[in-house]
Amino acid sequence: MTFTGSQFRDKYEIEPRTWYRNLHSVTEYFYFTRLIFSKFVQIIYYKNGVEMVKILLNYFLWVSLFGLSFGQVDYDSEIQVIFNNNCGNCHLGNSSGGLNLSSYTNVMNGGISGAAITPYDHTSSELYIRITLPESSDFDMPASGSLDQNKIDLIAQWIDEGALEVPGSNSGCTDPEAYNCADDFWSCVDDGTPAADCMDDGEWPNYTFLVGTTPYINGCNYDNTDPYDGNFPVYEGGCESGPCEGFYNPGATTNDGSCDYYQAPDQDDITFTVSGTGILVDWSAFSPPSNAIISGYNISRCTGGCAFITGSPFQGGWGNGGNTYTETSINDEFDWASELAACGDPCGGQVKYSINVRYSNAEEYGMAIETSYITPESCPCAVGDCNCDGVWNVLDIVALANCVLADSCGDIPYGCAGDTNGDGGWNVLDIVSLANCVLAGTCGG
Ligand code: HEC
């Protein structure tokens, strides 16, 4: 991420409530300190008197703001004090709107509208929404005018750090692209039989990856193993006491290298190229998080049964050794036509590929996995269109002649299109009939 001083200021001016949230990692902090310092030096060299002082003051202000917003918010000394001084009898002696703000426990118990705080997410928190409404609104809190912006920002920061009673650890994963407590939830609506309803609608806890019908329920708050109950997600909690191990910690200033990632190539990132003897699977369009380290990809293919085509991730142990395939494509050579024929209805003509990204910290298979499907056709291209570009010309003749000479027509993508006389093989007769129809302009007719 590269910023300039002016972008920083724009950002601050446009989004005063969120600027520190976006710009608070330690790298960025050092970046800005450096940036501000170089600006400072520049100013001394290039600016004259009055303007110099003016700019310097501006930049010193930014530095001190950074200093203030740095480190984790302490509930008792920083947040409770705001409530005590601004929310008055309405929410201390009394519980207006059902909300009592006299202690951490009471705050977290919420009011008549439900939870006042959604940990890790200030924009979804009722309390934050109410203190940031326009003063003209009847619902703006405090009822008698607005809170100072710096108090509002502090409350937002406290919520985003997890709304903890005691500040969490200052060291942890500082990459927002890692697993994140703010996203570790189940948006299932509780209507009596919530879990079953949601799963019937295909709605699983976020961070659940469905591989066929097997759910990999990842994340920290939900699990299906303890007690094991047939893939039924169970809330086990974890994030309420601070970001889980490997999760993004918005309050951390030191990166301890623990980040766990969940991103894996899905259908949109993959191109499949079918040939007579296999399927080329290419996920080079997948862009993993920039700070993540990938130890390898585990690719499995299922037709009737499933097979690991880059070797089993469990061979040699997951943690030490295992598979370390780091290319971003693989030519999966197998007789898909026979396998799909043998599989019949269950496969419905589809080959399934699951790609598991094994990030350096991954503790187990399935922490970052997505599944894609391809329906290979016997030959996706028109007869004679040997490069499958939709037209017939000398390029097709050359492609066919080359593969006939190399005896590779059955192995290359689109080679199938070269069997122009339909006798199940490739030879000079196919080249002749293709050349004739190209010359006569009658191919495909
Ligand atoms: C002068 C009295 C008064 C003050 C001061 C006040 N409130 Fe309120 N607050 C109310 C009343 C009355 C309600 C219920 C009516 C409503 O929802 O607007 C309420 C409702 C709320 C609710 C919604 C509760 C729910 O579950 O519906 C929140 C959140 C809230 N206040 C937050 C605050 C915060 C935070 C402060 C201090 C920064 C504050 N209020 C200061 C009177 C006050």
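The values are calculated or read from the model by the stated rules, or taken from the named source; none is laboratory data. Predicted model, so just to flag it, every value in this text is computed and none were measured. Here the Cβ is made from the backbone with ideal geometry for all residues, glycine too, and neighbour counts use every protein chain on show.
For segment 257-291, what are the residues that are assigned to a loop (DSSP other than H, G, I, E, B) and aromatic (Phe, Trp, Tyr)? Passing the criteria: Tyr261, Tyr262, Trp283, Phe286. Of everything in segment 106-129, what is in contact (Cβ under 8 Å) with a residue 12 or more places away in the chain and either of a type in the set (A, V, I, L, M) or part of a helix (DSSP H, G or I) (or both)? Give them in sequence order. If the condition is that a residue be in contact (Cβ under 8 Å) with a residue 12 or more places away in the chain and either of a type in the set (A, V, I, L, M) or part of a helix (DSSP H, G or I) (or both), then Val107, Met108, Ile112, Ala116, Ile117, His122, Glu126, Leu127, Tyr128 are the ones that fit.
Restricting attention to segment 130-156, the residues that are in a loop (DSSP other than H, G, I, E, B) and touching a residue at least 12 places away in the same chain (Cβ under 8 Å) add up to 6. Within segment 86-106, being modelled with pLDDT under 95, within 21 Å of Asp148 (Cα to Cα) and more than 8 Å from the ligand (Cβ to nearest atom) holds for one residue alone: Leu92.
Here is the figure for segment 165-186: residues that are of a type in the set (Asp, Glu) and over 20 Å from Asn224 (Cα atoms) total 3.
Of all residue pairs spaced 6 or more apart or on separate chains, those with beta-carbon atoms under 8 Å, a first member in segment 159-184 that is in a loop (DSSP other than H, G, I, E, B) and a second member that is of a type in the set (Asp, Glu) are Gly162/Glu240; Glu165/Asp76; Val166/Asp74; Pro167/Asp74; Pro167/Glu161; Gly168/Glu161; Ala178/Asp260; Tyr179/Asp260.
Taking segment 340-376 as the range and being within 19 Å of Asn218 (Cα to Cα) and β-branched (Val, Ile, Thr) as the test, the residues that pass are Ile355, Val357, Ile369, Thr371. Specify which of the listed residues (Gly238, Gly278) is surrounded by 13 or more Cβ atoms within 10 Å (Cβ to Cβ) and within 30 Å of Cys188 (Cβ to Cβ). After applying the criteria, what remains is Gly238. The residues of segment 319-334 that are part of a loop (DSSP other than H, G, I, E, B), at pLDDT 90 or above and out of contact with any Phe, Trp or Tyr (no Cβ under 6 Å at 6 or more places or on another chain), listed by number, are Thr326, Glu327, Phe334. When the residues of segment 155-165 are filtered to those that are within 16 Å of Ala116 (Cβ to Cβ) and surrounded by 18 or more Cβ atoms within 10 Å (Cβ to Cβ), the one that is nearest to the ligand (Cβ to nearest atom) is Ile155. If you check Cys443 against the conditions, is it more than 30 Å from Ser295 (Cα to Cα) and crowded, with 20+ Cβ neighbours inside 10 Å? Taking the combined requirement at face value, the residue satisfies it.
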